[in-house]
Amino acid sequence: MRLTREEKEMLEGKYGYPVQKSMEILVGLGECYDAERMIPVASAHLLDSLSIGKAGALFNEEMADKGGKFVTFTDANPLSIEPYSWEDLGFSEGSVREQMAIIHNYTRMGLFLSNTCTPYLVGHYPRPGEHIAWSESSAVIFANSVLGARTNREGGFSSLAAALTGRVPEYGYHLDRNRYGDLEILVTANLKDIHDYGALGYFTGKVAKDKVPVLIGIPPSVSQDELKHLGAAEAASGSVALYHVVGVTPEAPTREAAFGPKKARDWETFELGEKELRETKELLSKATTRETDLVVFGCPHASIGEIKEIAQLLLGKKLNSGVELWISTSWIVKSYAEKMGHMDIIEAAGARILCETCPSAMPWGFLKGRGHKVAATNSAKLAFYLTGGQHDLSMHYGSTERCVEAATSGVWK
Ligand code: F3S
């Protein structure tokens, strides 16, 4: 790789151990992907849940102990525990201590404490064309696709290294040539709400895998929340990091612009009609019993608009005994909900807003340990993650309204 004089000095240790170690990581990564040079980044988004593992936590502690400081605007993803009501929710003291140590070390390096997977909802809003180093697949795909910023799907180590040096190797989605469409998704189904868009995303991720899909047939009135759920699901069922919606997203004013130099013979077209939409929802809704004991919203973290909708649906109602309803969001959006009165309605119904946490990143066996067996959600990403791995719950997938109905009746209808 061609390094500037300053970057060579970073690598030689002139700016201290954390910068040197970080530059070693970034040069190694750049060489793997044949990057020719480093480019400056305008911000970084880090992973800070317990999923970074012992190695990640030790590395982060070492960087903080040796004086590492973030040189670009840096924030981080949700935690594995809920820091405000952890005891009440049943998180162990050990997991809270471990989690807080990670955050403490990041804070020593200058972390902006938003702890959310929707940083763009709380002021971390990159400009079109801006190079950034973000981890968290749902945030990456939103930044690339909806905001037109440029980032690869960074991991824990590479995003931390970028935060400490202000650099990333130039490869992947930082380059124009990798941002054009690879396949087409023709949407002929009538999409009505975020759970329909999540199903479209799940379908798209499955066929696109790690390629760039171009979606055609989505109305310009599509909302930011719908695009958020669309992208999160694409990044969950596949490893999509960038999508285009013709007539909607910034790099796709037309179909031609979205595909760039490619010709129609270069790509395959897939159709999502009513049949595919129904089949995808069935795939996500695997529970065999109609009972529900946990309803979860806010994956990705809920916007104030989503919270308002849930509060309106809960107005004057009570949750069925034995059912919990959680809305996951950032502390900043929660404070809007408090100020606007939504929080009072939600709490009066017996539901709660969880802050700075991620239901999917909660410790191994935590949900089952609380007695949860069958959950319901309007998030395709969460339906995917809660059914497998450490959680292994049965899942109902449906609209926000249907989920609230299940929370108040205890039955999925
Ligand atoms: Fe966010 Fe966790 Fe969902 S990080 S996107 S709430 S899986």
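Worth pointing out:
- Extreme residue, nearest to the ligand (Cβ to nearest atom), among residues of the range 107-126 that are under 23 Å from Met63 (Cβ atoms) and crowded, with 24+ Cβ neighbours inside 10 Å: Cys117
- The range 127-214 holds helices (runs of 4 or more DSSP H) entirely within its bounds, and those carrying 2 or more residues that are surrounded by fewer than 24 Cβ atoms within 10 Å (Cβ to Cβ) and away from the ligand (no atom under 16 Å from the Cβ) map to 156-165, 194-208.
- Scan the range 347-386 for residues that are of a type in the set (Lys, Arg), surrounded by fewer than 24 Cβ atoms within 10 Å (Cβ to Cβ) and in a helix (DSSP H, G or I) and the total you get is 1.
- Considering residues of the range 313-341 that are of a type in the set (S, T, N, Q) and within 17 Å of Cys299 (Cβ to Cβ) only, the residue nearest to the ligand (Cβ to nearest atom): Ser328
- Filter result (away from the ligand (no atom under 16 Å from the Cβ) and either not in a helix (DSSP H, G or I) or not assigned by TED's automatic domain parsing to the domain that holds Ala311 (or both)) within the range 390-405: Ser394, His396, Gly398, Ser399
- Hits in the range 252-280 - residues which are aliphatic (A, V, I, L, M), surrounded by 14 or more Cβ atoms within 10 Å (Cβ to Cβ) and farther than 12 Å from Asp182 by Cβ: Ala252, Ala257, Leu272, Leu277
- Scanning the range 280-304 for residues that are touching a Ser or Thr at 6+ places or on another chain (Cβ under 8 Å) and away from the ligand (no atom under 16 Å from the Cβ) turns up Lys286, Ala287, Thr288, Thr289.
- Search result, residues across the range 1-45 that are under 18 Å from Ile132 (Cα atoms) and of a type in the set (Gly, Ala, Ser): Ser22, Gly30, Ala35, Ala42, Ser43, Ala44
- Matching option when the condition is within 16 Å of the ligand (Cβ to nearest atom) and either without any contact (Cβ under 8 Å) to a residue 60 or more places away in the chain or not assigned by TED's automatic domain parsing to the domain that holds Thr357 (or both), among Leu46, Leu58: Leu46
- Residue in the range 82-102 that is in the same structural domain as Ala55 (by TED's automatic domain parsing), within 27 Å of Pro253 (Cα to Cα) and more than 16 Å from the ligand (Cβ to nearest atom) present: no
- Test for Pro40: is it touching a residue at least 24 places away in the same chain (Cβ under 8 Å) and within 25 Å of Tyr125 (Cα to Cα): yes
- Condition check for Ala380: more than 11 Å from Leu294 (Cα to Cα) and in contact with a His (Cβ under 6 Å, 6 or more places away or on another chain): no
- Flag for Ser335 being in contact (Cβ under 8 Å) with a residue 40 or more places away in the chain and either surrounded by fewer than 23 Cβ atoms within 10 Å (Cβ to Cβ) or outside the structural domain of Tyr197 (by TED's automatic domain parsing) (or both): no
- Glu271 vs. criteria within 16 Å of the ligand (Cβ to nearest atom) and in contact with a Ser or Thr (Cβ under 7 Å, 6 or more places away or on another chain): no
- Positions within the range 370-389 being at pLDDT 95 or above and either farther than 26 Å from Asp193 by Cβ or away from the ligand (no atom under 15 Å from the Cβ) (or both), in sequence order: Arg370, Gly371, His372, Lys373, Val374, Ala376
- Selection of first residues in the range 225-245 that are in the same structural domain as Thr204 (by TED's automatic domain parsing) and small (Gly, Ala, Ser) and of second residues that are part of a strand (DSSP E or B) and surrounded by 24 or more Cβ atoms within 10 Å (Cβ to Cβ), restricted to Cβ pairs under 8 Å at least 6 apart or on distinct chains, gives an empty result.
- Leading residue by the ranking (nearest to Lys54 (Cα to Cα)) among those in the range 342-365 that are touching a Phe, Trp or Tyr at 6+ places or on another chain (Cβ under 7 Å) and more than 11 Å from the ligand (Cβ to nearest atom): Cys355
The values are calculated or read from the model by the stated rules, or taken from the named source; none is laboratory data. All of these numbers come straight from a predicted model, not from anything done at the bench. Heads up, the Cβs are rebuilt from the backbone with ideal geometry, glycines too, and the neighbour counts pull from every protein chain shown.
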